[in-house]
Every structure is written in C-alpha cells, then in structure tokens.
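What follows is a single structure, written as structure tokens, with notes after it.
Here, each number is a calculation from the coordinates, and none is a lab measurement. Given the structure is predicted, the values throughout are model-derived calculations rather than measurements. No Cβ is skipped: glycine too gets one built from the backbone with ideal geometry, and neighbour counts run over all protein chains shown.
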Amino acid sequence: MKSNKKRKAEIVAARTKKSEKNSAYINPYREPVPDWAVRVNPDEIVYHSLFMDIPLFYLDREFNCKKCGKTEIWTAERQKWWYEVAKGSFETTAAVCRECRDKKKAYVDQQKAHLEELKKKKPHQNEKFFKKT
Ligand SMILES: [Zn+2]
C-alpha cells in the first residue's frame with residue numbers, strides 16, 4: 001500500500017501537469033509548441049474563410065453537455081480527429097457528452113433493430129380486415 005505522503009506527491013504532480021496544460025501562458029497560436037502537444041496539420045483543415053486563425057496545436061477543452069449539463073473534456077486527440085479526419089468545421093465544437101451520445105446511439109440502433117424485426121414478421125392472417133382499401 002502507498003503511503004499518504006507518496007500519494008499526495010502524486011496528486012500534486014498530476015495537478016501541476018494539468019495546470020501547465022491549462023495554463024494561460026500556453027498560447028496555441030504561438031511558438032513554442034510543447035512536446036506533449038497534439039499538432040494541427042493545416043493541410044487537413046477545412047477552410048471556410050481566408051482570415052481563419054489556425055492554432056499550431058490542440059489543447060484539451062472543457063465543455064458542458066447541452067443535454068445533461070455535465071462538464072466533460074474534449075481532448076486534443078478528439079479535436080484533431082474531428083477537424084482533420086471527420087472534416088468538421090472549425091466553427092463547431094463538442095456539444096454532447098460521451099454518455100449522452102452513447103445513449104442516443106443505443107436508442108437509434110434499437111429502433112433500427114425493431115424496424116428490421118417488423119419487416120421479418122409474417123403478416124397477420126386477417127391483415128386484409130384491418131387494412132382500409
Ligand atoms: Zn450529456
């Protein structure tokens with residue numbers, strides 16, 4: 001088991017690293033780029049304006065889910081994926097937390113499965129009776 005002293009030192013170290021990452025002194029629009037930074041690849045960005053300011057690297061961003069209000073971190077890696085792979089507009093940011101997105105996906109999948117199930121079902125023997133023609 002870890003001693004309280006050691007545990008406290010670890011917490012302080014993690015906090016220091018976190019605050020360094022979130023520090024206002026780190027400007028993603030200016031050099032230097034820290035070694036832990038997730039770099040922006042300007043060739044993959046979709047430009048919607050000639051005057052768009054593109055940062056040199058992504059920083060983890062906090063946001064509040066618009067559905068449940070929970071605060072979640074939009075990580076630098078996810079931002080890179082969104083802007084450079086999914087080609088999301090630079091004007092868009094994360095709006096819904098992972099949990100709410102998973103819930104919605106599960107619901108949509110369930111609906112799809114239900115519709116498939118209905119298609120497979122044999123028609124009722126008196127179907128003609130129920131149908132107005
Ligand atoms: Zn949510």
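At most 13 other Cβ atoms within 10 Å plus a DSSP loop assignment makes a site exposed; report the longest stretch of the chain without any exposed trypsin sites (Lys or Arg not before Pro). The longest uninterrupted stretch comes out as 31-65.
Rounded to the nearest 20, the size of the Cβ-charge dipole of the chain about its Cα centre is 1140 debye, with Lys and Arg at +1 and Asp and Glu at -1.
Measuring nothing but alpha carbons in the stretch 68-133 and taking Rh as the Kirkwood radius, the Rg to Rh ratio lands at 1.31. Among the chymotrypsin sites (Phe, Trp or Tyr not before Pro) found in the stretch 46-88, those both in a DSSP coil and sparsely packed, with 15 or fewer other Cβ atoms within 10 Å of their Cβ, are 47, 51. The stretch between residue 125 and residue 14, if pulled fully straight at 0.36 nm per residue, gains 33.2 nm over its current Cα-Cα span.
Of all aspartates and glutamates in the structure, the ones whose alpha carbon falls short of 16 Å from that of residue 66, not counting any fewer than 8 places away in one chain, are 99, 102.
Computed on the chain, the Cα convex hull volume stands at 259 Å³ per residue. Just so you know, the Cα atoms of the stretch 19-81 work out to an Rg and Dmax of 13.2, 37 Å. Think of it as helices only: each DSSP H run of n ≥ 4 in the chain is worth -39500 (n - 2.57), and spread over all residues that comes to -12000 deg cm²/dmol at 222 nm. Between 47, 79, 125, the Cα set farthest toward the positive side of the dipole of the chain (charges on each charged residue's Cβ, about the Cα centre) is that of 125. For the residue pairs 67/120; 70/105; 67/103, the alpha carbons lie more than 23 Å apart in 67/120.
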